[in-house]
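Every read-out reported here was derived from the displayed coordinates using simple, explicitly stated rules and does not represent laboratory data. Model, not experiment: these values are computed from the prediction. Ideal geometry is used to build each Cβ from the backbone, glycine not excepted, and the neighbour counts take in all protein chains shown.
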Amino acid sequence: MKSVKPYPTEEELPLIETLNEIDFSASYSYADYMRFAFNERLEIIKGHLFKMSLAPSRIHQEILTNIFGPIYNILKGKQCRVYTAPFDVRLAKKTYSDREVFTVVQPDIVVIFDPEKLDKRGCIVAPDIVVEILSPGNNKKELINKYEVYEEAGVKEYWIVSSTEKTFFRYILDEKGKFQPTKLLTAGAEVTTPIMPGFSLDLEDVFKD
């Protein structure tokens with residue numbers, strides 16, 4: 001009987017040195033993602049590659065800091081963790097095998113209550129809270145593609161912040177595992193959540209420049 005050659009290990013697979021070697025029509029896994037040796041940042045959503053901005057705007061970074069700070073302060077001293085991009089979130093489904101993980105994203109901010117969801121390379125399943133700060137050019141990806149994978153993975157709250165419109169919008173996962181939209185908030189409103197007791201976010205402070 002003819003023997004079947006085993007799939008190469010990560011060490012045997014060659015690195016992908018330049019973006020020109022990427023076939024954006026092909027399907028990629030986290031095992032492929034680990035072979036990327038170029039500077040350009042990519043995310044994988046259901047096997048499809050998406051380019052990321054190399055340098056977010058100053059306003060984007062200001063908003064990120066203004067959201068991260070209050071979250072960090074309320075979680076300080078607890079087992080919960082909060083991270084900012086670049087930080088890999090692998091949304092594994094049936095198996096944690098690198099070759100079977102087809103969604104790898106880098107949200108602007110992630111909050112993780114259970115440290116068992118973490119390993120040395122990032123987060124392996126759904127974070128509890130995901131924050132995406134929209135920038136020109138990436139709105140479609142965040143609002144459509146990521147909405148679907150975050151809902152399917154079981155992210156409890158998905159926050160969408162617009163740096164240009166200065167708005168805050170949140171989806172909350174219901175008991176049936178479906179996202180429910182909430183009221184659009186603007187500067188001056190306050191954000192609280194029952195899954196993070198004591199937390200309060202003043203959107204006037206978030207959008208100040």
Quick count over the range 176-190, residues being in contact (Cβ under 8 Å) with a residue 24 or more places away in the chain and over 15 Å from residue 128 (Cβ atoms), is 1
For the range 13-39: of the residues being within 20 Å of residue 87 (Cα to Cα) and of a type in the set (Gly, Ala, Ser), which is surrounded by the fewest Cβ atoms within 10 Å (Cβ to Cβ)? 37
All but one of (1) of a type in the set (A, V, I, L, M, F, W, C); (2) assigned to a loop (DSSP other than H, G, I, E, B); (3) under 23 Å from residue 76 (Cβ atoms) hold for residue 159; which doesn't? (2)
In this structure, is residue 51 over 24 Å from residue 192 (Cβ atoms), of a type outside the set (Phe, Trp, Tyr) and over 16 Å from the mean Cα position of the chain (by Cα)? no
Only one of (1) without any contact (Cβ under 8 Å) to a residue 40 or more places away in the chain; (2) of a type outside the set (A, V, I, L, M, F, W, C); (3) touching a helix residue (DSSP H, G or I) at 6+ places or on another chain (Cβ under 7 Å) does not apply to residue 205, and that is (1)
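Looking at the range 158-178 only, could you name the residues that are exposed (fewer than 13 other Cβ atoms within 10 Å of the Cβ) and either closer than 17 Å to residue 148 by Cα or touching a Ser or Thr at 6+ places or on another chain (Cβ under 7 Å) (or both)?
Residues of the range 158-178 exposed (fewer than 13 other Cβ atoms within 10 Å of the Cβ): 164-165, 174-178.
Residues satisfying the conditions are 174, 175, 176, 177, 178.
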Checked against (1) touching a strand residue (DSSP E or B) at 6+ places or on another chain (Cβ under 7 Å); (2) among the small types (Gly, Ala, Ser); (3) under 19 Å from residue 44 (Cβ atoms), residue 126 satisfies every condition except (1)
Taking the criterion of being touching an Asp or Glu at 6+ places or on another chain (Cβ under 8 Å) and farther than 13 Å from residue 129 by Cβ, would at least one residue in the range 67-75 satisfy it? no
Restricting the search to the range 10-46, which residues are over 20 Å from residue 100 (Cβ atoms), outside any loop (DSSP other than H, G, I, E, B) and hydrophobic (A, V, I, L, M, F, W, C)? 19
Name the pairs whose Cβ atoms lie under 8 Å apart, with the first residue in the range 113-127 and among the basic types (Lys, Arg), the second assigned to a loop (DSSP other than H, G, I, E, B) and surrounded by 13 or more Cβ atoms within 10 Å (Cβ to Cβ), and 6 or more positions between them or separate chains? 117/124; 117/125; 117/126; 117/127; 121/88
For the range 179-188, does any single residue satisfy the condition of being of a type in the set (Lys, Arg) and surrounded by fewer than 16 Cβ atoms within 10 Å (Cβ to Cβ)? yes
Please determine whether any residue of the range 168-175 is touching a strand residue (DSSP E or B) at 6+ places or on another chain (Cβ under 7 Å), in contact (Cβ under 8 Å) with a residue 24 or more places away in the chain, outside any loop (DSSP other than H, G, I, E, B) and among the hydroxyl-bearing types (Ser, Thr, Tyr). yes
Could you grab me the full set of residues in the range 185-198 that are in a loop (DSSP other than H, G, I, E, B), among the hydrophobic types (A, V, I, L, M, F, W, C) and within 21 Å of the chain's Cα centre (by Cα)? 195, 196
